[in-house]
Amino acid sequence: MPQVTPLRPRLHLAAWIVVPPLVFSAVLRATLHARFTDEAASGAMLRELAIGVGLDALVALALSAPVLALVFGLPLRFLARAWIRGALFAAFYSALVFHDFVELFFFEEFKARFNHIALDYVLYPGEVVGNVWQSYDVPLYVGLSLATGSLVAGAMLFATRGLSLDPVPARRRITASFGTLALGAGAVLVLVRAPLSFTDDRVQNEITSNGTLQLVRAFFTGALEYDHYYLTLPRGEARRRAAALLGFEPPTDAELAQPKGEFSPRRTTNASVGPQRDWDVLVVVEESLGSDFVGALGAEKSCTPELDRWTQDGLLLTHLLANGNRTVRGLEGVLAGFVPLPGDAIVKRTKSEDVATLARFFVDRGWTTEFYYGGRALFDGMRPFMLANGWQRFVEQSDFPDDVFTTAWGVADQYVFDALLARQLEAQESGERLFATLLSVSNHKPYDIPEGNPFFKKGKKSRERAVKYADWSLGRYLDAARAAGVLDHTLVLIVGDHGARVYGAADIPAGSYRIPALFVTPDPATRGVRVERLCSQIDLAPTLLGLCGYATPAPFLGADVRALPADGGRAFVHHNRDIGIVTDDALVVLGLQKSVHYYTRPSRDVLEFTPIESARAPERLRELGKDAAAVFQLADELYEGRRYRLEAPRAARPIEASSPRPQPPR
């Protein structure tokens, strides 16, 4: 019988550290393929598994290398005891299985592996843990994870019965430990150079990839230097192209030659400006209000009868695209008119004080500015950003009574609207001009709503019910505001922050980004108007200002869409690490490593895009890609140079740093 070398049992133990994670990942990948791809993609499963197992092996080796080095380098005699070994490995395997459950649920929600959204959630565990607990049967999945982990640990104990961890000569220990660390380092180097995509289908790419790898990539791409990683043009050409596309005055030769960070675009006169109105202004940003819920936008089963009804009293944008699929992306687009740069939204960046916002515009002209949010204001850095950029007061969850209905994400919508209306009535009584912003929370997992509304049914939770409740809360507010005379002097913009679901095979699933935007104004000329032009969230601030009779000031990047033709629109979009531009018939995506991908569609009413090989892309698409690069390059230059600022004079009164504590009506 051959003699067992002292190192062989440790190799056996190392295999039980590395191999089970690969098996779990393969099962997860097969599950994702079965649930989230159609029959036409059935042939892709073998490719997904083959490439995916390779990525999983590299990730497992990179992560386990330090542990394996200890296994080979230290005595670890305690692992010879079966009960200790069994307990440690049962905990390890159970954690892996629970991790895969979490990945499955994340993919179900976002059609993606862990990304910037998951990274953001890690930073705010309070909301996320509460949301997960309220949305899923956590004890069930913990129990399944423990049971599966224990079964696999039992198999490990059987396979390693009689394990002997005899001393290993020092030279062999050192060689094995450093060899393992070298393999781990090599795996990291390979992963750094690994392709970002493997096919033209985004969902298949996500299934093929590894969640841990994507999370690490998200961490290191949160604050990228745009010039180093994305397509750029010569600075002068970028300024000229961006000015032409965005409606700024053509830069002079001197302006084209200015160093980076010193250029400020100049805005041409807004032809749609009329008499200035001293209206109050309200911007309602509705959580996850995608067009697929809205009957007025063609949804087969409308969940928004109130919004649909109010479209008869307002101006509806029918082909509006969100900046991205995160609330902070919607906030930067709607409130700051800013395109979605790769990495973090400006709401979370470090140079975001005194940037151009609607609140800054109105507070400079004497309006009182307030922000209403049912959740915690520190989430995504909202309160610091708002108070640094024109909002004088921030009303959040802690400002409401403790007995008001809340979920993990905050106070139910109806109570936030009640607090807002009470404040509007107070301002109406005193003659105070008010610019308010409200961000809703109820259309979000766990989709729980309070009693006392037409959609409450004990024990039943669904997204559709949450949408109907959010819509009911909005309609209830609008009816009450009209009855109280508030709408006689208030412009209201109602807009989704992003769509509810992510779908589509393109690198940026722009088809799922369509959202409603409705302007309700005291002017009867806006009633029942529909604007069919493709547009972006960055166009909302200029359109709102135009309705109030103000020209769009620089550096707002959007345009007042009311006077523009139905054809020829564009929108700027973001997804994970990719940015791009959408037109009526095309999508151009700018990715890392200065990559450019091209897609086409027959018309703006078609939500699916067809990829085109880069080598076969027509010249018009290549020019469109350069235009997109120019706009993002200019936006990056303005932000990094702290020149994305309004030039209006500051208001005399100081901005308050504290919030009131309004009590919503009972």
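For the reader, a short list of remarks on this structure follows.
- With respect to the conditions (1) at pLDDT 85 or above; (2) assigned by TED's automatic domain parsing to the domain that holds THR37, PHE198 lacks only one, and its number is (1).
- Top-ranked residue of the stretch 424-468 - restricted to ones that are of a type in the set (Ser, Thr, Tyr) and in contact with a strand residue (DSSP E or B) (Cβ under 7 Å, 6 or more places away or on another chain), ranked as nearest to VAL492 (Cα to Cα): THR437
- Of the residues making up the stretch 427-448, just one is within 15 Å of ARG326 (Cα to Cα) and charged (D, E, K, R), namely LYS445.
- Considering PHE92, PHE98, the condition of being over 29 Å from the mean Cα position of the chain (by Cα) and either surrounded by fewer than 13 Cβ atoms within 10 Å (Cβ to Cβ) or more than 30 Å from ASP200 (Cα to Cα) (or both) is satisfied by PHE92 alone.
- Matching option when the condition is assigned by TED's automatic domain parsing to the domain that holds ALA559, within 27 Å of THR526 (Cα to Cα) and touching a His at 6+ places or on another chain (Cβ under 6 Å), among GLY314, GLY324, GLY330: GLY330
- Hits in the stretch 237-262 (condition: over 26 Å from CYS535 (Cα atoms) and in contact with a helix residue (DSSP H, G or I) (Cβ under 8 Å, 6 or more places away or on another chain)): GLU255, LEU256, ALA257, LYS260, GLY261
- Set side by side, the residues ASP479, ASP539, ASP523, ASP507 differ, and just one is among the acidic types (Asp, Glu) and modelled with pLDDT under 95, which is ASP507.
- Looking only at the stretch 358-388, and only at residues there that are surrounded by fewer than 19 Cβ atoms within 10 Å (Cβ to Cβ) and farther than 20 Å from ARG645 by Cα, the one that is modelled with the lowest pLDDT: LEU378
- Residue satisfying all of: in the stretch 297-318; within 25 Å of the chain's Cα centre (by Cα) and surrounded by fewer than 22 Cβ atoms within 10 Å (Cβ to Cβ); farthest from ASP560 (Cα to Cα) among these: SER302
- Subset of the stretch 570-614 that is of a type in the set (Val, Ile, Thr) and under 20 Å from PRO195 (Cα atoms) - its residue that is surrounded by the fewest Cβ atoms within 10 Å (Cβ to Cβ): ILE612
- Residue that is surrounded by the fewest Cβ atoms within 10 Å (Cβ to Cβ) [pool: residues in the stretch 474-483 that are under 15 Å from LEU282 (Cβ atoms) and aliphatic (A, V, I, L, M)]: ALA480
- Single condition LEU487 does not satisfy, out of (1) aliphatic (A, V, I, L, M); (2) without any contact (Cβ under 8 Å) to a residue 60 or more places away in the chain; (3) in a strand (DSSP E or B): (3)
- Any hit, the stretch 275-283, residues being of a type in the set (A, V, I, L, M), buried (at least 21 other Cβ atoms within 10 Å of the Cβ) and closer than 30 Å to PRO611 by Cα: no
- In the set (1) more than 20 Å from the chain's Cα centre (by Cα); (2) surrounded by fewer than 21 Cβ atoms within 10 Å (Cβ to Cβ), ARG463 fails one condition alone, (1).
- Hey, PHE362 out of contact with any Lys or Arg (no Cβ under 6 Å at 6 or more places or on another chain) and within 27 Å of PRO446 (Cβ to Cβ) or not: no
- Among the candidates ARG616, ARG666, residue that is basic (Lys, Arg), farther than 30 Å from ALA422 by Cβ and at pLDDT below 95: ARG616
- Within the stretch 216-239, the residues that satisfy the criterion of being touching a residue at least 24 places away in the same chain (Cβ under 8 Å) and surrounded by fewer than 18 Cβ atoms within 10 Å (Cβ to Cβ) are PHE219, GLY222, ALA223, LEU224, ASP227, LEU233, GLU237.
- Condition met for ASP402 (under 23 Å from PHE219 (Cβ atoms), surrounded by fewer than 23 Cβ atoms within 10 Å (Cβ to Cβ) and among the acidic types (Asp, Glu)): no
- Candidates GLU262, GLU286: the one that is surrounded by 22 or more Cβ atoms within 10 Å (Cβ to Cβ), touching a residue at least 24 places away in the same chain (Cβ under 8 Å) and not hydrophobic (A, V, I, L, M, F, W, C) is GLU286.
- Test for ALA566: is it surrounded by fewer than 22 Cβ atoms within 10 Å (Cβ to Cβ), without any contact (Cβ under 8 Å) to a residue 40 or more places away in the chain and farther than 22 Å from VAL294 by Cα: no
- Each residue in the stretch 294-346 was checked for being modelled with pLDDT of 95 or more, over 24 Å from LEU592 (Cβ atoms) and of a type in the set (Asp, Glu), and 3 of them qualify.
- Just one of the listed residues (ASP471, ASP497, ASP448) is of a type outside the set (A, V, I, L, M, F, W, C), in contact with a Cys (Cβ under 8 Å, 6 or more places away or on another chain) and surrounded by 15 or more Cβ atoms within 10 Å (Cβ to Cβ), namely ASP471.
The values are calculated or read from the model by the stated rules, or taken from the named source; none is laboratory data. Note that the structure is predicted; figures quoted are calculated from it, not measured. All Cβ positions, glycine included, derive from the backbone under ideal geometry; neighbour counts span all protein chains shown.
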